[in-house]
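The structure under discussion appears below in the form of structure tokens.
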Amino acid sequence: MNSTDPNAAIVLFSGGQDSTVCLVWALHRFERVETIGFDYGQRHRVELDVRGRVRVRISAMRAPWATRLGEDHMVEIPARNESFAIFIGQVGGASSRIGADATAYPHRDTNFVMNVHTRWRERGDERAAIKWAREFFAATAPHATGGVYVNFMPEDETERVPGAYGSNYTRLAALKAKYDPDNLFRINQNIRPASA
């Protein structure tokens, strides 16, 4: 699905009542709607088990919905015993009325952002927890725009910094070279000064 198509939507669809309402809302308003679900070994599986049947019944309710309802994507995520959270936040609204080059943040046409948090109690669990989060990221990447929100990036992902600023990166690197040529402000995800 083209993530910038204003006539298309993707619905986070578990098969439960709330996500079914969202799916019907989207089918009523968009020409093409795809669904995505996550199987991460959750205890409450009944919704995942009925997803397919709910999609079939909804598409049969109204003729236009049958042609509008597109592909279903199920992303299987390796289960973990430790604590984790998957945050999906809606963005847009007023922020989308600002030009992509008006501020450092360029992803003004993005509708949702996702952030994956993982935690561990024992130091020995660190690698497994981080590995799980990276596998989750890799499994969901084909359904994303490729953009990144800089404050959601861990410290070791420096190669993704230009993606956080998109076409603004070159301009920002030039500003950094002018006002901070020695890269004094380099903590967290850093825009490096442009080379002269």
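The values are calculated or read from the model by the stated rules, or taken from the named source; none is laboratory data. Predicted, not measured: the structure shown is a model, and the values here were computed from it. We place every Cβ from the backbone using ideal geometry, glycine too, and count neighbours over all the protein chains shown.
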field: Some residue of region 28-50 being within 30 Å of L172 (Cα to Cα) and not in a strand (DSSP E or B)
entry: no
query: Could you say which residue among N115, N190, N168 is surrounded by 12 or more Cβ atoms within 10 Å (Cβ to Cβ), in a strand (DSSP E or B) and either polar (S, T, N, Q) or in contact (Cβ under 8 Å) with a residue 60 or more places away in the chain (or both)?
result: N115
- request: Identify, by number, the condition in (1) part of a helix (DSSP H, G or I); (2) in contact with a Pro (Cβ under 7 Å, 6 or more places away or on another chain) that A100 doesn't meet.
  value: (1)
message: For region 140-165, give me each residue that is surrounded by fewer than 16 Cβ atoms within 10 Å (Cβ to Cβ) and more than 29 Å from D39 (Cβ to Cβ).
response: E155, T158, E159
- line: Within region 47-56, of all residues that are closer than 13 Å to F13 by Cα and hydrophobic (A, V, I, L, M, F, W, C), the one modelled with the highest pLDDT is V54
- request: Consider only pairs whose beta carbons are under 7 Å apart and that are at least six residues apart or on different chains; among these, list those whose first residue lies in region 34-59 and is at positive phi and whose second residue is outside any helix (DSSP H, G or I).
  value: G41/A79
